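Structure first, then comments.
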Amino acid sequence: MQTTTQTPTQTHARKGARRIRPSISALVARALRAERARVEATFAPTWCAAPASAPVLRAPQDVATYLAGMSGDPCEQFAVLSVDTRNRLLRAEIVSRGDLNSAIIHPRSVFRAAIVANAAAIVVAHNHPSGDPAPSPEDVQVTKRLRECGDIVGIPVLDHVIIGARRDGFVPEVCSMRERGIL
């Protein structure tokens, strides 16, 4: 007598049972649940307090010293420095990298970094690869737009610092939008 092995699918097919496959709606629901869990984990409240050793950003020169590495970069970069109520740095994040003379900035990415860090306020900064820290008309426009968005979200923009070339090889030249009265 010969014995044959049958797979479970063949067995169910022989007995007239229907093979159960997940429906498209079940697959979509599973994908949505996974995406929702990922987003909730990303935006979960993080009650992070700045450590006692965190730098305090009191002046534009403090920002330039912290981000001194940006001054030699050949591409424009835009950074968000999230601070607590005492201006202690909670988190620093580069939210945009551009090309030689521009970087695309969207308020959504700027304030997402601040919200995730549970920041009381932000300081934004970017470099000018040309070495000249003077603000362009686009820099002024972005600063005003970020200030308006910060007022809506409840996270004020304390300053927008533009970092130029390094003087004496150490500390870069800076331009503060607050000191110029633009912010």
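Under 5 Å between amide hydrogens, built in the peptide plane, is the criterion, and for ARG91 it picks out SER82 among residues at least 5 positions away or on other chains. Treating each Cα of the stretch 60-176 as an identical point scatterer and summing with the Debye formula, the log10 of I(q)/I(0) at q = 0.11, 0.14, 0.22 Å⁻¹ comes to -0.31, -0.51, -1.25.
Taken together, the values in this text are just the output of simple stated rules run on the coordinates, not laboratory data. Bear in mind that the values here come from a model prediction, so they are computed numbers and not experimental data.
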